[in-house]
Amino acid sequence: MERLEINETLSQLELLQKMKAMLDEEIRYGIIGLAEATEQEAKMKRQERKLIKEAVDAIHVSKNGKPRNIKLNEAKGLYYTNMPDKSQVYGKTLDALYENLFHAYGLSLDYHELSVGEIFKQAFKRKQFNSTNKENSFTRNLKTYKTYFSSDFTDRDITQITKDDLLSYTKSMCEKFHPSKKEFLAYKGILNLIFEYAFDKDIRSDNPVPCIHNEDYYKDGYCNCITRENVDNILSTEEIDNVRTTIRERLSSYKYKGYDPNGFAIILSTYIGTRVGEVCSLKWSDIKEFFIWIHSQMVEGERKASQGMTWKYCPYTKNERSMSSKKGRYFPITKDTRALLQEVKEKQIELGIYDEDGYIFMRTNGTPINPNCYTKALKKIMDNLGYHVTNNHAFRKSVNSNILIPMGLDEVQRADLLGHSPEVNLNNYTYKRLDDTNEIYQRFNPKTNENTVGLD
């Protein structure tokens with residue numbers, strides 16, 4: 001095959017690539033059905049393989065013009081052949097071998113076609129198309145990829161990355177970021193997504209990710225293995241009072257002028273031990289006669305260039321996401337929580353931002369607080385007090401230890417109030433929650449007849 005004919009073959013392959021891109025768009029917008037799209041993709045793949053084989057057969061020859069031998073290594077289950085420079089190219093199938101030879105001879109249509117970054121895009125697209133994961137999961141995947149994968153690494157040809165390369169990059173990444181165990185596993189998950197896709201598509205003959213042993217990075221200090229439990233200690237009653245006093249001092253300052261939605265939310269959290277996302281999503285309609293109905297959370301939305309991360313209301317709590325029945329939980333209103341909520345309500349009425357169907361912890365511009373700004377406010381307060389607290393986990397543990405246990409509530413009742421019981425407990429003891437609500441309320445408010453109902 002003359003060079004002119006090879007160029008013609010490349011032009012036909014380039015046309016097929018454009019047709020594939022158009023087909024992807026038609027699938028995305030529902031113009032074509034999945035069955036028909038699958039049939040068209042298979043047809044285009046057959047055409048592509050035929051053209052690739054023609055191009056490789058014309059160039060993969062010895063000095064005498066005869067085709068180079070292709071052999072099967074039965075022990076490895078791989079086809080292989082020698083290149084002119086004596087190096088070997090492998091493939092799980094003959095089609096895969098021809099594709100690898102096509103790229104080995106520099107006939108790729110796009111330099112980035114086999115880059116780590118390009119394979120990630122394809123793998124991520126497949127995951128979005130086939131997976132039942134929530135949008136937040138995909139957002140976290142992209143955040144992990146953008147954080148821990150450098151452009152130098154993502155521009156590399158994935159077929160040329162060895163196990164040693166992967167180990168070396170992982171080590172340097174950990175030395176730079178010192179990720180937590182959770183973050184390290186997320187990084188490894190993205191690596192596996194990329195290389196497993198390359199293996200499935202016969203781009204690589206192996207997936208080298210299993211060579212990364214977690215414990216090697218945990219024990220040698222490459223990862224930050226300080227767990228949240230070691231940092232967020234249970235706060236004493238005195239320390240909780242100090243937190244509330246500090247926020248009250250903030251409220252009296254010129255900056256806040258008596259209204260600090262993050263501060264009010266933090267105070268409420270010290271009484272009822274909600275998660276950050278839950279307290280941010282509370283609405284006035286969630287305040288019932290004797291209880292606060294906790295049944296929602298604020299979750300991450302899309303990241304926008306003009307405003308960064310956006311947040312959206314989710315109508316169920318973290319522990320209910322995998323449950324078919326999402327009823328939320330009820331935390332008894334006490335004299336203290338009623339007074340706090342009444343204060344917030346009156347201040348919002350004064351500012352002209354109160355909405356009986358709106359959020360409880362709302363900024364003066366009418367938008368609700370979000371977990372990000374809440375956590376920043378909490379960290380600033382805790383740093384000033386010298387407490388090693390980074391989120392609401394300390395409040396949840398403190399409410400459990402300082403309030404619920406001394407009341408004599410059993411383990412199921414305590415877990416139910418905090419919403420952190422195992423799924424099996426929630427499924428098996430839902431009736432107990434409904435039966436015990438009045439009893440639990442009276443333990444929080446011994447003299448029920450002296451307590452008013454709801455808010456004024």
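The aspartates and glutamates within cross-link reach of residue 182, meaning a Cα-to-Cα straight distance under 20 Å and a gap of 8 or more places when in the same chain, are 135, 215, 216, 220, 229, 232, 300. Counting only lysines at least 8 places from residue 20 when in the same chain, those with an alpha carbon closer than 21 Å to its own are 43, 45, 50, 53, 121, 125, 127, 201.
Tell me, what is the percent relative contact order of the chain, built from C-alpha pairs under 8 Å that lie six or more residues apart? Can you show the working numbers first?
On the way: 495 pairs, mean separation 55.1, N = 456.
In percent, rounded to a whole number, it is 12.
For the range 3-109, the relative contact order comes to 20 percent (Cα pairs under 8 Å, sequence separation of at least 6). Considering every alpha-carbon pair of the range 182-302, the percent of pairs per 5 Å bin, from zero through the bin containing the longest distance, is 2, 8, 11, 11, 12, 12, 10, 9, 8, 7, 5, 3, 1, 0. Once C-alpha pairs closer than 8 Å and six or more residues apart are averaged by separation and normalised to the residue number of the range 116-225, the relative contact order reads 35 percent.
Evaluated at q = 0.11, 0.13, 0.23 Å⁻¹, a Debye calculation over the C-alpha positions of the range 3-109 (equal weights, vacuum) places log10 I(q)/I(0) at -0.44, -0.58, -1.20. Bridging of residue 326 to lysines at a Cα separation below 26 Å is possible for 134, 283, 288, 312, 318, 397, 432, once same-chain residues fewer than 8 apart are set aside. If Lys and Arg each add +1 and Asp and Glu each add -1, what is the summed charge of the other residues whose beta carbon sits under 12 Å from the beta carbon of residue 251? Once all neighbours under 12 Å are counted, the net charge is +3.
With n ≥ 4 as the cut-off for DSSP H runs, can you work out [θ] at 222 nm for the chain, using -39500 (n - 2.57) per run divided by the number of residues, rounded to the nearest 500?
Working: 19 runs with 242 residues, N = 456.
Helices in the chain give a 222 nm mean residue ellipticity of -16500 deg cm²/dmol.
Summarising the label geometry, the points placed 7 Å from Cα in the beta-carbon direction at residue 288 and residue 412 lie 1.9 nm from one another. With Cα atoms as the point set, the chain shows a radius of gyration and Dmax of 29.9, 104 Å.
For the range 140-198, the average shadow cast by the Cα convex hull is 3.9 nm², which is a quarter of the hull's surface.
What does the C-alpha gyration tensor say about the overall shape of the range 116-225? Classify as rounded when a/c is under 1.5, otherwise prolate if a/b is larger than b/c, or oblate. Since a/c reaches 1.5 but b/c is at least a/b, the shape of the range 116-225 is classed as oblate.
A short reminder: the numbers here are calculations on the coordinates, not readings from a lab. Since the structure is predicted, the reported quantities are computational estimates derived from the model, not experimental observations. Don't worry about glycine lacking a Cβ; one is built from the backbone with ideal geometry, like all the others, and counts go over all protein chains shown.
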